[in-house]
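The values are calculated or read from the model by the stated rules, or taken from the named source; none is laboratory data. Everything numeric here is computed off the predicted structure, so don't read it as measured data. Note: ideal-geometry Cβ built from the backbone for every residue, glycine included; neighbour counts use all protein chains shown. These area figures cover heavy atoms from the full protein model, side chains too; ligands, DNA and RNA do not enter into them. Shrake-Rupley method; radii C 1.70, N 1.55, O 1.52, S 1.80 Å.
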Amino acid sequence: MYKQASSPKPIRSLEDALDRCQMLGMRVSRQRRFVLELLWQSKEHLSAREIYDHLNQEGKGIGHTSVYQNLEALSRQGIIECIEHCDGRLYGNISDSHSHVNCIDTNKIIDIHIELPDELLRQVEAQTGVKISEYTINFYGHSE
């Protein structure tokens, strides 16, 4: 198995994300909770602007600066995912090691957990001399 042995429990729910914040000593402010709740409800990768717009459309008054600061703090601590995309940074709710399917037609990014065969990983290690501890794969394609 090619997973890091010392990595903490994966964050797979809003409750896990809130628990990790508390475990790390991060204050779970109202704004921080709003951001996390939205990411878990939407199950999409969103820009800071989209997060700001969604929250304010829901009547949860939150400023641009607060959105950016919370996204930065949460992604820096590994609680949420930050992806550098052609349109800028996008944020998602899965922080553990996973791969992405990028739809060229819709510009959507879909999270997928995939495990490569050990034989393939050993082949990569043999060719590169690097011991693989984790990996992500980006797939690109068109909608059917």
Taking into account only those residues within the stretch 49-63 that are modelled with pLDDT of 95 or more and among the hydrophobic types (A, V, I, L, M, F, W, C), which is nearest to Ala73 (Cα to Cα)? Ile51
Out of the residues in the stretch 41-52 that are open to solvent by 70 Å² or more (accessible area, probe 1.4 Å) and assigned to a helix (DSSP H, G or I), state the one that is nearest to Leu14 (Cα to Cα). Gln41
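Can you tell me how many residues within the stretch 41-61 are under 17 Å from Ser29 (Cα atoms) and in contact (Cβ under 8 Å) with a residue 12 or more places away in the chain?
Within the stretch 41-61, residues that are under 17 Å from Ser29 (Cα atoms) and in contact (Cβ under 8 Å) with a residue 12 or more places away in the chain number 4.
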Would you point out which residue out of Leu38, Leu18, Leu55 is crowded, with 18+ Cβ neighbours inside 10 Å and either touching a Gly at 6+ places or on another chain (Cβ under 9 Å) or basic (Lys, Arg) (or both)? Leu55
Residue selected from the stretch 62-89 under the condition in contact (Cβ under 8 Å) with a residue 24 or more places away in the chain and among the charged types (D, E, K, R), by the criterion nearest to Arg33 (Cα to Cα): Glu81
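Inspect the stretch 59-69 for any residue being more than 27 Å from Gln22 (Cβ to Cβ) and either in a loop (DSSP other than H, G, I, E, B) or within 12 Å of the chain's Cα centre (by Cα) (or both) and give the result as yes or no. Full working, then the answer.
From the stretch 59-69, those more than 27 Å from Gln22 (Cβ to Cβ) are none; that's our starting set.
No; the residues of the stretch 59-69 include none that is more than 27 Å from Gln22 (Cβ to Cβ) and either in a loop (DSSP other than H, G, I, E, B) or within 12 Å of the chain's Cα centre (by Cα) (or both).
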Which of the strands (runs of 3 or more DSSP E) contained wholly in the stretch 74-144 include at least 2 residues that are open to solvent by less than 40 Å² (accessible area, probe 1.4 Å) and modelled with pLDDT of 85 or more? 81-85, 88-92, 99-103
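Would you say Tyr2 is under 30 Å from Glu119 (Cα atoms) and either open to solvent by less than 70 Å² (accessible area, probe 1.4 Å) or at pLDDT below 90 (or both)? Walk me through how you get there before you give the answer.
On the way: under 30 Å from Glu119 (Cα atoms): yes; either open to solvent by less than 70 Å² (accessible area, probe 1.4 Å) or at pLDDT below 90 (or both): yes.
So Tyr2 fits the description; yes.
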For the stretch 90-114, which positions are within 28 Å of Arg27 (Cβ to Cβ), of a type outside the set (D, E, K, R) and touching a residue at least 60 places away in the same chain (Cβ under 8 Å)? Asn93, Ile94, Ser95, Ser97
